[in-house]
Amino acid sequence: MTGLGQWRRSLHLRLASLLVLVVAMTFLVVGTVLFKVLEARLVAHDHDLLRHQARWLAGAEPAGDGDGPRDLRRRMAMLSSMQPGLRSSLQTTATGDVSLAGLDGGTPIRRELLDGEAFDVLDLSVHAEDLAVGQLRLMAPAAQRQSTLRRFGRIILVGSLAGSLLAALVSMRAVRWSRDRLQRLSRDARVAGHGGRLSIEDVDVELVDLVEAFNSSLDQLESAYRQSEGFSADVAHELRSPLATLIGGTQFVLSRERTSEQLRDALASNLEELERLKNLVNDMLFLARADRGERAQSLERVDLGLVADAMIDYCGALVDEAGLSVPRIGSASAVCNDALVRRAMVNLLSNAIRHAQGERQVELHLEALPGKVRIWVFNSGNPIPEDVAKRMFDRFFRANVSRSDHTVHHGLGLAIVHAVARMHGGSVFARIDADGNSIGFEIPSALASGQVRVRDAVREAPG
């Protein structure tokens with residue numbers, strides 16, 4: 001891997017580079033600001049000194065001989081002797097007393113190059129009897145100031161480079177220390193076996209969320225593994241009974257000669273068992289597809305009140321056999337897959353009817369809530385035990401395994417309700433009250449388009 005490629009894929013190198021860049025930029029900005037401030041102060045000092053010298057020239061007492069220009073030249077010579085680098089020149093036609101104008105700061109000082117050397121230049125007007133009769137020029141060399149600024153600039157540059165190098169060393173050390181902690185955490189993650197978890201003690205605050213997410217993933221994997229093991233065992237158990245019935249019945253029929261009527265009865269019995277097997281396989285395929293995250297499609301606005309009435313009529317034989325009445329309470333509509341919702345309603349109704357006690361009433365409720373619809377069945381029987389309520393939506397779970405209908409019902413009804421809710425982006429719930437139990441699901445009242453196609457197996461809801 002090239003150096004650039006390694007840099008692009010290394011978080012530590014990018015962080016170290018960023019720290020060095022930030023430090024270097026900070027030194028550069030601070031150094032530039034300091035350089036500009038020093039330059040401005042030095043320029044202001046030199047300009048003030050030049051104006052002070054000009055005021056000294058204008059403020060000296062005249063000699064009294066009426067020859068102002070000669071007196072001014074004499075003072076200029078004295079100033080040049082005191083300031084060897086200072087240059088001055090006077091151009092005037094006056095012969096009497098003269099004065100200098102522009103000492104109040106109105107005349108700007110400019111910079112000029114003369115023979116490759118920089119000077120600060122101040123031009124003053126020479127006045128005689130309020131008339132401009134000449135010009136005085138003072139030129140102060142800027143070489144010393146420029147030399148000072150160059151030395152200061154070199155100091156700033158060296159300091160910036162040294163600071164950046166120190167920042168690079170410190171950041172690389174800090175990054176290496178962080179990398180060592182990450183590598184140790186990675187080693188702990190590799191050796192975390194079945195039931196093992198990463199400890200959040202002595203873990204950096206920035207990595208706590210990552211460790212917790214890793215532990216949560218392990219929990220989900222173990223839960224999925226246990227569920228897969230349990231599911232396989234449950235499937236084997238559920239398939240064993242109908243297969244044993246088929247094999248035993250077939251062996252019994254073949255044990256001796258049978259009449260056509262007896263063979264027809266045996267085949268009818270085998271067909272009944274095969275239908276049960278087909279329904280069981282279809283239910284398991286449906287649950288497997290829901291587990292893979294398939295979403296309901298063929299969505300349309302459905303009047304759930306009409307669907308609920310139709311499903312109550314569909315379960316009419318069970319209702320009459322149990323001697324119950326099932327009213328529909330409430331109304332709502334939702335954008336959903338009509339066949340899936342019908343299937344979930346039938347499963348809820350048949351489950352409640354089978355577990356109804358005496359002359360208790362079963363009610364199918366619909367409730368429109370903000371953004372969602374709630375559908376549930378109320379059974380006024382005894383409260384469901386808490387441990388049963390937690391597992392009632394699990395596959396192949398039966399609250400009472402000794403019930404006589406275990407060969408007809410596989411314990412997948414409420415699991416299918418849960419799958420239907422998930423395929424619509426909803427959830428299931430179980431409310432246990434003193435006067436009865438409410439079991440149902442919630443789905444959004446409207447869903448986005450573009451969902452996954454609904455397979456044939458999930459269309460096997462009653463129409």
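The values are calculated or read from the model by the stated rules, or taken from the named source; none is laboratory data. Given the structure is predicted, the values throughout are model-derived calculations rather than measurements. Here the Cβ positions follow ideal geometry from the backbone for every residue, glycine too, while neighbour counts run over all protein chains shown. SASA here: full protein model, heavy atoms, side chains in, ligands and nucleic acids out. Shrake-Rupley method; radii C 1.70, N 1.55, O 1.52, S 1.80 Å.
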Return the total of residues in segment 323-341 being over 13 Å from Gly440 (Cα atoms) and open to solvent by less than 40 Å² (accessible area, probe 1.4 Å).
11
On the given criteria, is Gly381 touching a strand residue (DSSP E or B) at 6+ places or on another chain (Cβ under 7 Å), modelled with pLDDT of 80 or more and more than 26 Å from Ser241 (Cα to Cα)?
no
Long-range neighbours under 7 Å by Cβ, at least six apart or interchain, first residue within 16 Å of Arg151 (Cβ to Cβ) within segment 24-38, second aromatic (Phe, Trp, Tyr) and part of a helix (DSSP H, G or I)
Phe35/Phe152; Leu38/Phe152
Quick check on Ser216: is it modelled with pLDDT of 75 or more, farther than 30 Å from Leu271 by Cα, small (Gly, Ala, Ser) and out of contact with any helix residue (DSSP H, G or I) (no Cβ under 7 Å at 6 or more places or on another chain)?
yes
Give segment 168-222 a look and list any residue that's surrounded by fewer than 16 Cβ atoms within 10 Å (Cβ to Cβ) and aromatic (Phe, Trp, Tyr), or say none.
Trp177
Among (1) modelled with pLDDT under 80; (2) over 30 Å from Trp376 (Cβ atoms), Asp265 falls short only on (1)
For residues that are assigned to a helix (DSSP H, G or I) and modelled with pLDDT under 85, scanning just segment 252-262, find the one that is surrounded by the most Cβ atoms within 10 Å (Cβ to Cβ).
Val253
Residue hits (segment 395-407; open to solvent by 70 Å² or more (accessible area, probe 1.4 Å) and either at pLDDT 65 or above or of a type in the set (Ser, Thr, Tyr) (or both)) are Ser402, Ser404
Inside segment 40-71, can you point out the residues that are modelled with pLDDT of 85 or more and small (Gly, Ala, Ser)?
Ala40, Ala44
Of a type in the set (A, V, I, L, M, F, W, C), over 30 Å from Leu285 (Cα atoms) and either at pLDDT 80 or above or not in a helix (DSSP H, G or I) (or both): does that describe Ala189?
no
Pull out all pairs, ordered by first then second residue, where Cβ-Cβ is under 9 Å, the residues are six or more apart or on different chains, the first lies in segment 207-225 and is touching a residue at least 24 places away in the same chain (Cβ under 8 Å) and assigned to a helix (DSSP H, G or I), and the second is among the basic types (Lys, Arg) and open to solvent by less than 60 Å² (accessible area, probe 1.4 Å).
Leu207/Arg181
From the set of residues in segment 408-418 that are hydrophobic (A, V, I, L, M, F, W, C) and open to solvent by less than 70 Å² (accessible area, probe 1.4 Å), which is modelled with the lowest pLDDT?
Leu412
Before we move on, is Ala356 within 20 Å of Ala430 (Cα to Cα), crowded, with 18+ Cβ neighbours inside 10 Å and either at pLDDT below 90 or in contact with a strand residue (DSSP E or B) (Cβ under 6 Å, 6 or more places away or on another chain) (or both)?
yes
Residue among Leu366, Leu306, Leu324, Leu340 that alone is among the hydrophobic types (A, V, I, L, M, F, W, C), within 25 Å of Arg422 (Cα to Cα) and touching a strand residue (DSSP E or B) at 6+ places or on another chain (Cβ under 7 Å):
Leu366
